[in-house]
1. State whether the stretch A:1-73 is rounded, prolate or oblate according to the following rule on the C-alpha gyration tensor (a ≥ b ≥ c being the square roots of its eigenvalues): a/c under 1.5 gives rounded; otherwise a/b larger than b/c gives prolate, and the remaining case gives oblate.
2. Enter the angle in degrees (range 0 to 90, nearest 10) between the Cα long axis of helix A:119-132 and the first principal axis of the Cα atoms of chain A, meaning the one along which they spread out most.
3. When only Cα pairs under 8 Å and 6 or more residues apart are kept, what is the percent relative contact order across the stretch A:177-250?
4. Just need the Rg to Rh number for the stretch A:95-225, please, alpha carbons only, Kirkwood Rh.
5. Per DSSP H run of at least 4 residues, take -39500 (n - 2.57); add these up for chain A, divide by its residues and hand me the 222 nm value, nearest 500 deg cm²/dmol.
6. In whole Å, how far is the Cα centre of the stretch B:100-117 from that of the stretch A:60-124?
7. I want to make sure I understand the PRE zone here: with the label point 7 angstrom from the Cα of residue A:56 toward its beta carbon, which residues in the stretch A:207-233 have backbone N atoms less than 15 Å away?
8. To one decimal place, what orientation-averaged projected area in nm² is obtained for the convex hull of the Cα set of the stretch B:107-197?
């Protein structure tokens, strides 16, 4: 059974159709990268999965449970909170909470969910996540004391702390200068080798080719091409994919 | 003479202080509530509130004091505020609380709306409730941003309390002026400025301290 099945997802903003019927699925432990030019709908797709946008049509199914069906109308608040926990989200702009230290950022949500019980375990888990991210000596720093790459790694730890089924990345390195991009990609690569189920929206084509089990190329609100990196990146059949990749040498 | 004046001005200053502190106590929370109203998604809530804010900020506080104090008697024939100093104080307090709550509400609104949507989205994907998001994530960041404009308003309030003498509320200027009639001297009136200065100086230090306390994050 697929861990995620997306069926015929559509989303309109005002009168512009951004997603025109997206369907795909992925297996547990897979890394899926979504490529495509700006405005192709990649980010909107990711935001729909995290219910930051409500799709107009279509269904989202995780582990065989239908989380969302546009026919049933928008989700209610409490419902929404439970359902979006299947997904973790790492934002382009990190969005760490500035008033909390790295560790506090990571443990805040688990702490609120457990109503303060199990604190020892939550803190232990938070620390070990930050250690995995190579931030053992940065736990008590506030976000403004960290570099962009470090902040993004804290954000990844924060998302992992809730043990999501699927971890989503929205252009995780686009706000970073090239020097800092590497350290974030390295962490994501490690997660991939540990079979964390991930969806990565990215412009780093070389990275996507290396790390992904599957690639989706999006163009103008539809999936123009999907398949293994060898198929999509090395031997694209779609004209738009070829044009897009023509600018990439690697 | 100097000691006598100092002592009696101090008594007048207690009136100022009382109006000042009670105004703050009520207008800050009321302002927060009004700010939520002015940001409401329901236009039936939002527009009346914005209208009230417009009227209150668009007319002189002195005029509001007069209308609130004399209005009920003139228009409805009821003596809403009761008689004597107590009535004057209550009317003055109501006018001040209302006026300052409207100003504060706009500061709160600006502060709340200046928080990047990314903060709300991050909180949402982490499964925080709206209440948790407001109290755990947004509030401290808002407070940090609004300390400077709030401190401005608070210091203005110290001096605005003198407007309440238009409805014969007893405070320090009133006391200072009394010496013109009773002793034929004007310097006690000028001397009241020292009280205002010292008090606003203390407030400036207090707000500087709060700003520094919130300096641990950016």
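1. Note, shape of the stretch A:1-73 comes out oblate.
2. 60
3. Relative contact order for the stretch A:177-250 comes out at 19 percent.
4. Rounded to two decimals, Rg/Rh equals 1.00.
5. -10500 deg cm²/dmol
6. Comparing the Cα centres of the stretch B:100-117 and the stretch A:60-124, I get a distance of 28 Å.
7. Residues passing the 15 Å test: A:221-222.
8. 8.1
Each reported figure results from applying straightforward, stated rules to the coordinates on display, with no laboratory input. What you see is a predicted model, and the numbers here were worked out from it, not measured in a lab. Methodologically, a virtual Cβ is constructed for each residue, glycine included, from the backbone with ideal geometry; neighbour enumeration extends over all protein chains shown.
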